[in-house]
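Below: the structure, in structure tokens.
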Amino acid sequence: MAEFAVIYIHGFASSPNSGKARFFQQKFTDLGIPIQVPDLNQGDFTHLTLTRQIQQIESILTSTRTVLIGSSFGGLTAALLAEKHPQISHIILLAPAFGMLKYWQEKMTPEQLQQWHDQGTLLVYHYGAGKELPLHYDFLVDLRSYDDQKLTRPVPTLIIHGKLDDVVPITVSETYAQTRPWVRLVPVEDDHSLKRDLPLIWQELCTFLELNPA
């Protein structure tokens, strides 16, 4: 590949200080490849939406060829961004949260969803902050605007998904890859965090991007 820049998009209720974010930041920096790891919380996790997250990444995109690496909700964000920005040449999706709306609707009872609607916010555990933080119901409303099954731009895509993932089942990535020949799915023996074998993930990533990690 020609020269490119990297943007790492961290997961839902995570931060740029996550283990994976720091790992990739160090690896690309060591290779002299510019990488940005924006804080998607923006100091206001309560009003996070997928739209806000997409707009934040769009604000730092340039005309430079760009590779997006997205973790979970960040993976969904990366896939949606790659659909309409031609300078995004490759995407690496780590346990991408396809079907995010369905996940929330199945995770909660109709009564819990109604309570979230009525109260306006829902307390969720934020791994970056290490405590529960309120999330506005607009997060769920906004998700209804997106359909990841309609993504058709053939951007080279590497998906790494854990077989033991009990947050986002690997079946969502299998379904996504099945009808998109430009997608390579690598199943690994791991859970949603994908922290057990980061060196293996890095090796897959280097092969995908034609990098020499030595």
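Worth a mention:
- A straight Cα-to-Cα reach below 19 Å connects K131 with the aspartates and glutamates D39, D44, residues fewer than 8 places away in its own chain not being considered.
- GNM result for the chain, Cα springs below 10 Å: residue of V168, V141, V67 fluctuating most strongly: V141
- Helix 19-30 axis versus longest C-alpha principal axis of the chain: approximately 20°, rounded to the nearest ten.
- For I9, the amide hydrogen comes within under 5 Å of the amide hydrogens of I69, G70, S71, counting only partners 5 or more places away or on other chains and with H modelled in the peptide plane.
- DSSP-assigned coil residues among trypsin sites (Lys or Arg not before Pro) in segment 120-162, each with at most 12 further Cβ atoms within 10 Å: R144
- In a reduced charge model with +1 at each Lys and Arg Cβ and -1 at each Asp and Glu Cβ, segment 5-209 shows a dipole moment near 560 debye about its Cα centre.
- Highest mobility in the GNM of the chain, judged by mean-square fluctuation with C-alpha springs under 10 Å and restricted to A177, A21, A78, is found for A177.
- Under a 5 Å amide H cut-off, with hydrogens placed 1.01 Å from N, L135 pairs with L122, L123, V124 among residues at least 5 apart or on other chains.
- From phi via Karplus (6.51, -1.76, 1.60), per-residue ³J(HN,Hα) for segment 58-63 in Hz, x at Gly/Pro: 4, 5, 10, 5, 10, 7
- Sequence-ordered 3J(HN,Hα) estimates for segment 181-193 from the Karplus curve with 6.51, -1.76 and 1.60 and θ = phi - 60° stand at x, 7, 9, 10, 9, 10, x, 10, 7, 7, 9, 5, 5 Hz, glycine and proline given as x.
- Taking a straight Cα-Cα cut-off under 17 Å and skipping sequence neighbours fewer than 8 places away in the same chain, the lysines within cross-link reach of K84 are K150.
- Karplus-derived 3J(HN,Hα), 6.51/-1.76/1.60, for each residue of segment 132-148, Hz, glycine and proline x: 6, 10, x, 10, 6, 4, 4, 4, 6, 4, 5, 4, 5, 7, 10, 9, 6
Every number here is computed from the coordinates shown, using simple stated rules; none is lab data. It should be emphasised that the depicted structure is a prediction, and the values quoted were computed from it without experimental measurement. Ideal geometry is used to build each Cβ from the backbone, glycine not excepted, and the neighbour counts take in all protein chains shown.
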